[in-house]
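The values are calculated or read from the model by the stated rules, or taken from the named source; none is laboratory data. As the structure is a prediction and not an experimental result, all values here were calculated from the model. Here the Cβ positions follow ideal geometry from the backbone for every residue, glycine too, while neighbour counts run over all protein chains shown. Note: accessible area is taken over every heavy atom of the protein model, side chains too, but ligands, DNA and RNA are not part of it. Shrake-Rupley method; radii C 1.70, N 1.55, O 1.52, S 1.80 Å.
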Amino acid sequence: MAAASPAAFIFDLDGLIIDTESLCIEVAQQVLAQHGKVLTKEAQRTALGKRPLDCWRDVAALLGLDVPAQQLFDQTEPLLEARWADVRPLPGARRLLQHLSDCGAKVAIATSTSRATFGKKLSKKPWLQELFQASVCGDEVTNGKPAPDVFAEAARQLGVAASSCLCFEDAPSGVEGAVAAGMRVVVVPSLVEAQDEFKAISQEEAAASGKGGVVQVLPSLLAFDPTIYGLPPFGDLVEGVIPLDPVFTISGTVVKGFGRGSKELGIPTANVDADSLRHSIAEAVTGIYCGWASIGDSSEVYKMVMSIGWNPFYNNTEKTAEPWILHDFEQPFYGQEIRLLVCGYVRPEANFTSLEALVARIHKDGEVSKAALSHPQLQHYAAEAFLQPAAAAAAAAGGVEGVAELEEVAVAASG
Ligand code: ADP
Ligand code: RBF
Ligand code: MG
């Protein structure tokens, strides 16, 4: 049964709407290395969602690093500053915010980031600036997350009671703050290890207690169903697949997987090397997706359906990205470059009671994906330059001018 629609929706920013986590992890690793330390998962976790100085205070304490938080902040800030504007939105964020806006819902952002940095993070995303009516930053309240201040202030600015708000958060400190403010919370964890820590109570329990609480833990914003909260359903499905905007790309080297694909399932999956995967997408991005693939020096483009994540059926400890290319190859192509343009979300990763059930589901995913990718809305991505091998792409971009430039260089060298 649908619960009464929330009076407003409050969103965290970092790690929920935009992928700041990948950048922060990269820069924090770089700076900690200068102090002879490594960024542990536990340190990442403690930093998540907090104000920058609070992050560094807690990370330094955890790692036994005797350097003032202010100094660590001063070291990282210039490295981050220039790159905030280019941080990418996470899958499903724009879609959900647009849907709430189309429904006439009230939306606010409650973030630990400072007002100045908030401006930088949004500077190249005019679409995002249009999709909320209020925003509260970490330097505009007395206490940062896990205190409830930013959430309480966001509700106040929208003119609604905190207890009638639904909050979206990725970080433990944010969840704690929103619950303390009396809000219901949908958690979309940005670190997978954190997933099991959040225990959801039912809508009914939340309503009955009159207090806040975690009401859902989701693997992705793409898995959110607005009808549960009395809102209209999304109307954007293409043959059962959610079209992604923006699309995302992964390129890397085809490596050996667990040797299960062909042998156990009868479905070969070309595993992408782990380093390339980390650099291509946020840790939080998981699920079954479809899109287009090309291999090595070939400019042939194929339909593909892929699993990204920890394969719950096998309980893997390392995240994998495994496209099943919907084409019969005569030879394996280990060691070659693989280019993947991901433009549709099929479903979340799931567990299955038998191998047969997993195999049947993957075949169904293949059928759904083939149909969706034949639709004009997803078909045209097959022509993207990204899918072309480097040499062909350079020729297409350079054209005749590229050739002329080479001739000029040759003349200069001989003269
Ligand atoms: P692994 O566990 O090493 O990934 P798989 O049994 O999953 O082994 O087989 C995957 C390999 O099979 C790929 O790396 C690729 O070289 C080859 N291959 C052949 N046809 C396909 C296909 N249609 N899609 C994906 N990989 C394929
Ligand atoms: N593994 C899971 O544990 N759960 C899934 O829901 C799941 N879905 C998949 C969907 C597709 C389209 C593909 C290609 C693979 C999927 N797998 C899933 C991954 C499968 O377990 C993996 O390819 C094998 O373990 C071989 O490495
Ligand atoms: Mg494989």
With Cα springs under 10 Å, the Gaussian network model of the chain assigns the largest mean-square fluctuation among E176, E197, E21 to E197
Simple SL model, points at 7 angstrom along Cα→Cβ for S101 and F333; separation in nm is 3.8 nm
Of the accessible area of the chain, computed with a 1.4 Å probe and all protein chains kept, carbon and sulfur make up a percent value of 54 percent
Contact order relative to length for the chain, counting C-alpha pairs under 8 Å separated by 6 or more residues, stands in percent at 14 percent
Hydrophobic long helices for the chain, i.e. whole DSSP H runs reaching 20 angstrom or more by Cα along the axis with Kyte-Doolittle mean at least 0.0, come out as 20-34, 355-374, 390-414
Given backbone amide H placed at 1.01 Å from N, residues whose amide H is under 5 Å from that of G344, ignoring those fewer than 5 places away on the same chain, are L244, C290
Quick calc, the chain, dipole around Cα centre from Cβ unit charges on Lys, Arg (+) and Asp, Glu (-), nearest 20 debye, gives 860 debye
Log10 I(q)/I(0) at q = 0.12, 0.18, 0.22, 0.23 Å⁻¹ for segment 311-391, from Debye over equal alpha-carbon scatterers, is -0.48, -1.04, -1.33, -1.36
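Between R361 and K41, what length in nm is gained on full extension when 0.36 nm per residue of separation is reduced by their alpha carbon distance? Spell out each step's value before the answer.
Working: separation 320, 0.36 × 320 = 115.20 nm, distance 3.29 nm.
In short, 111.9 nm is gained.
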Per residue, accessible area of segment 1-128 with a 1.4 Å probe, heavy atoms of protein chains only, in Å², comes to 43 Å²
Rounded to one decimal in nm, the spacing of the 7 Å Cα→Cβ label points at K211 and K256 is 5.3 nm
Too long for a 26 Å Cα-Cα cut-off, among K319/K364; K263/K319; K37/K124; K124/K370; K303/K364; K50/K120, are K37/K124; K124/K370
Checking segment 217-282 for trypsin sites (Lys or Arg not before Pro) in a loop per DSSP with at most 10 other beta-carbon atoms within 10 Å yields K256
Net charge near A357 (other residues with Cβ under 13 Å of its Cβ; Lys, Arg +1; Asp, Glu -1) is 0
Note to self: Kirkwood Rh of the chain, Cα pairs, one decimal, Å, is 23.1 Å
